[in-house]
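The values are calculated or read from the model by the stated rules, or taken from the named source; none is laboratory data. Treat the numbers as computed from the prediction; the structure is a model and nothing was measured. Ideal geometry is used to build each Cβ from the backbone, glycine not excepted, and the neighbour counts take in all protein chains shown.
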Amino acid sequence: MTEDVPGVMMGFMENWQGLSGTWRVTLVVFVLVLMTAVTAFIVSRLVLWLERRFANTNNLWDDAFLHAVRKPAMGMVWLLGVYWAADAAYRYSEAEIFQANEHLLRLGFIWLLVWTLIGMIKQGEQLLSTPGKVQRPMDYTTVSAVSKLLRAVVIITAVLIFMQSLGYSISGVLAFGGVGGIAIGFAAKDLLANFFGGFIIHLDRPFKVGDWIRSPDRNIEGTVEHIGWRLTTIRTFDKRPLYVPNAAFTTIAVENPSRMSNRRISETIGIRYSDARQMAAVVAEIRTMLESHEAIDTSQTLIVNFLAFNASSLDIMIYAFTKTTEWVKFHEIKQDVLLRISQIVDSHGAEFAFPTSTLHVPDGIELSGLDQQGQTS
């Protein structure tokens with residue numbers, strides 16, 4: 001069918017005896033390109049109309065499909081139009097440059113198919129990971145990994161089909177790739193290590209995009225922004241981007257505070273030695289306060305005990321967990337708990353201790369330069 005359109009138009013132009021062959025071909029090519037432009041515009045408008053029409057439906061996959069195929073559909077129209085125009089020019093001039101027209105048409109079809117598939121994969125990635133579009137959005141890290149894998153499969157398959165269309169043997173290409181892969185593996189071992197490191201991250205999922213992570217082995221701490229096949233981008237708390245090769249995560253320990261179930265309050269306070277008689281009452285009231293606090297998780301370990309005789313204080317250990325894991329809210333709760341502890345200590349007539357020193361002077365020794373009130377004379 002693609003070969004008939006230029007022939008029909010050339011046959012129609014044969015009746016125009018007043019025009020030379022060059023002008024006839026030029027007119028045919030002009031008409032074909034003009035028709036292609038008009039058809040591409042109509043197709044674009046039609047797809048946009050369908051997108052608006054299906055935007056009101058509950059099914060979001062049709063929207064994703066139409067958005068993915070709109071530009072490839074226009075590309076298909078232009079591919080056929082240019083092919084027909086080139087075929088008409090070849091029938092008149094028989095130039096060697098137009099002999100590649102058939103190959104370009106096949107390669108163009110493959111390229112448009114790849115463009116469409118990659119567009120659908122990207123649309124599916126956005127659809128599955130956006131909370132407002134689906135009832136149960138999937139984890140972005142998992143969706144991103146699957147999307148990258150599918151795109152890699154599509155591109156590799158397209159490259160092999162391209163080479164087969166150009167006359168190369170796929171079996172020979174694969175054999176060369178097996179031998180060349182060994183050499184490439186030695187030359188790019190760090191790149192491959194990062195690639196497999198990224199694969200392990202996607203497989204084991206020690207963290208995902210949006211998690212706060214840190215490493216006790218390296219100076220790494222921040223929020224994960226992107227997990228690529230070679231690098232993981234982390235936004236530190238001073239808002240600097242930190243790019244970490246994926247291979248590093250296979251050799252270091254990584255903490256993921258974002259997955260903690262509770263946040264811990266662990267404090268040691270000290271009261272004066274002169275307030276030892278109030279110790280039991282203070283400890284009991286602090287424990288009661290924590291057990292009745294609405295933000296403290298009483299199902300977790302809760303400890304309030306007289307801990308030790310310190311150099312200048314009697315120490316009390318306070319150990320509890322909050323229900324929230326939010327950093328800002330946790331500090332608000334901790335502030336409230338510490339203020340309540342201060343009020344409890346004050347209500348029992350006790351005071352917090354601070355470092356002091358007591359000087360014992362043996363009997364019979366007088367300190368010169370001081371009067372009876374202990375002031376300098």
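Does F237 meet the test of being of a type in the set (F, W, Y), outside the structural domain of L117 (by TED's automatic domain parsing), exposed (fewer than 15 other Cβ atoms within 10 Å of the Cβ) and at pLDDT 85 or above?
The answer is yes for F237.
Does I213 satisfy the condition of being at pLDDT 70 or above and either closer than 29 Å to M120 by Cβ or in a loop (DSSP other than H, G, I, E, B) (or both)?
No.
Please tell me if V328 is assigned to a helix (DSSP H, G or I) and either in the same structural domain as N194 (by TED's automatic domain parsing) or surrounded by 15 or more Cβ atoms within 10 Å (Cβ to Cβ) (or both).
no
Determine which member of the set A145, A100 is touching a strand residue (DSSP E or B) at 6+ places or on another chain (Cβ under 9 Å), in the same structural domain as V77 (by TED's automatic domain parsing), of a type outside the set (D, E) and modelled with pLDDT under 80.
A145
Counting just the residues of region 216-239 that are without any contact (Cβ under 8 Å) to a residue 12 or more places away in the chain and not in a strand (DSSP E or B), which one comes out farthest from the chain's Cα centre (by Cα)?
Only one residue tops the list, namely N219.
Can you list residue pairs whose Cβ atoms sit under 6 Å apart, with the first residue in region 152-165 being in contact (Cβ under 8 Å) with a residue 12 or more places away in the chain and the second being loosely packed, with under 13 Cβ neighbours inside 10 Å and aliphatic (A, V, I, L, M)? Count only pairs 6 or more apart in sequence or on different chains.
Hits for this filter: L160/I170.
Give the number of residues within region 13-57 that are within 13 Å of W84 (Cβ to Cβ), at pLDDT below 70 and either among the small types (G, A, S) or touching a Gly at 6+ places or on another chain (Cβ under 7 Å) (or both).
Selection size over region 13-57: 0.
Can you tell me which residue within region 344-367, out of those that are farther than 20 Å from T288 by Cα and within 55 Å of the chain's Cα centre (by Cα), is modelled with the lowest pLDDT?
Filtering region 344-367 for residues that are farther than 20 Å from T288 by Cα and within 55 Å of the chain's Cα centre (by Cα), the one modelled with the lowest pLDDT comes out as T356.
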